[in-house]
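The values are calculated or read from the model by the stated rules, or taken from the named source; none is laboratory data. All values derive from a computational prediction rather than experimental measurement. Here Cβ is always computed from backbone atoms with ideal geometry, including for glycine, and neighbour counts include all displayed protein chains.
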Amino acid sequence: MADKHVISTDRAPSAIGPYSQAIKSGNMVFLSGQIPLDPVSMDVVAGDVEAQARQVLENLSAVAAEAGGTLDDCVKLTIYMTDLNNFAIVNTTMQQYFQTPYPARATIEVSALPRGVQVEIDAIMILPATA
């Protein structure tokens, strides 16, 4: 059986289904998809796709920090969007949270996301080896 540790923080929205915010196995962390929920109120943040993308990245950042890393430790992202016409906006927002080399990524247009949001992002993170 794999070495699995649940990662959970109250600085990101609690899971709204039967899943964990993240699972750590060895030095790999698998971050569940985050949507733009305020972690305190659990309400969708007000605003456009940029505001939603910013909250999603803040949520991912909080989970990454709880796991002992940062967004710069992410090696793979999957971005789900309900309208790829907003692709450039999400790209610009993403550049404010990541440094080069950027993680590998896939962006997929979907017909709907939970709670009617416009964007969701999940990630795979590799933590630096500890001495």
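Quick one: is A129 under 16 Å from G33 (Cα atoms) and not in a helix (DSSP H, G or I)?
The answer is no for A129.
Of the numbered conditions (1) surrounded by fewer than 19 Cβ atoms within 10 Å (Cβ to Cβ); (2) more than 30 Å from A129 (Cα to Cα), S8 satisfies every one except a single condition; which is it?
(2)
Quick one: which of S20, S32 is in contact with a Ser or Thr (Cβ under 7 Å, 6 or more places away or on another chain), on the phi < 0 side of the Ramachandran plot and surrounded by fewer than 17 Cβ atoms within 10 Å (Cβ to Cβ)?
Result: S20 is the single residue among S20, S32 that is in contact with a Ser or Thr (Cβ under 7 Å, 6 or more places away or on another chain), on the phi < 0 side of the Ramachandran plot and surrounded by fewer than 17 Cβ atoms within 10 Å (Cβ to Cβ).
With respect to G33, is the statement that it is at pLDDT below 95 and closer than 22 Å to A112 by Cα true?
no
Give the number of residues within region 67-100 that are buried (at least 19 other Cβ atoms within 10 Å of the Cβ) and closer than 15 Å to T9 by Cβ.
Qualifying residue count for the region: 3.
Give region 101-122 a look and list any residue that's under 19 Å from E50 (Cβ atoms), out of contact with any Gly (no Cβ under 9 Å at 6 or more places or on another chain) and surrounded by 15 or more Cβ atoms within 10 Å (Cβ to Cβ), or say none.
R105, T107, V117, Q118, V119
For region 49-75, which positions are touching a helix residue (DSSP H, G or I) at 6+ places or on another chain (Cβ under 8 Å), within 19 Å of Y102 (Cβ to Cβ) and not basic (K, R)?
If the condition is that a residue be touching a helix residue (DSSP H, G or I) at 6+ places or on another chain (Cβ under 8 Å), within 19 Å of Y102 (Cβ to Cβ) and not basic (K, R), then E50, A53, L57, L60, S61, A64, T70, L71, D73, C74 are the ones that fit.
Listed here are the residues, each with its yes/no results for (1) β-branched (V, I, T); (2) in a strand (DSSP E or B); (3) touching a residue at least 40 places away in the same chain (Cβ under 8 Å).
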residue	(1), (2), (3)
L57	no, no, yes
S61	no, no, no
G68	no, no, yes
D72	no, no, no
V75	yes, yes, yes
Q99	no, no, no
R105	no, yes, no
I108	yes, yes, no
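Does E109 satisfy the criteria of being of a type in the set (D, E) and more than 22 Å from A15 (Cα to Cα)?
Values: of a type in the set (D, E): yes; more than 22 Å from A15 (Cα to Cα): yes.
When the stated conditions are applied, E109 passes them.
Please work out if N59 is polar (S, T, N, Q), within 22 Å of A129 (Cβ to Cβ) and surrounded by 12 or more Cβ atoms within 10 Å (Cβ to Cβ). Walk me through how you get there before you give the answer.
On the way: polar (S, T, N, Q): yes; within 22 Å of A129 (Cβ to Cβ): no; surrounded by 12 or more Cβ atoms within 10 Å (Cβ to Cβ): yes.
Against the criterion (polar (S, T, N, Q), within 22 Å of A129 (Cβ to Cβ) and surrounded by 12 or more Cβ atoms within 10 Å (Cβ to Cβ)), N59 does not qualify.
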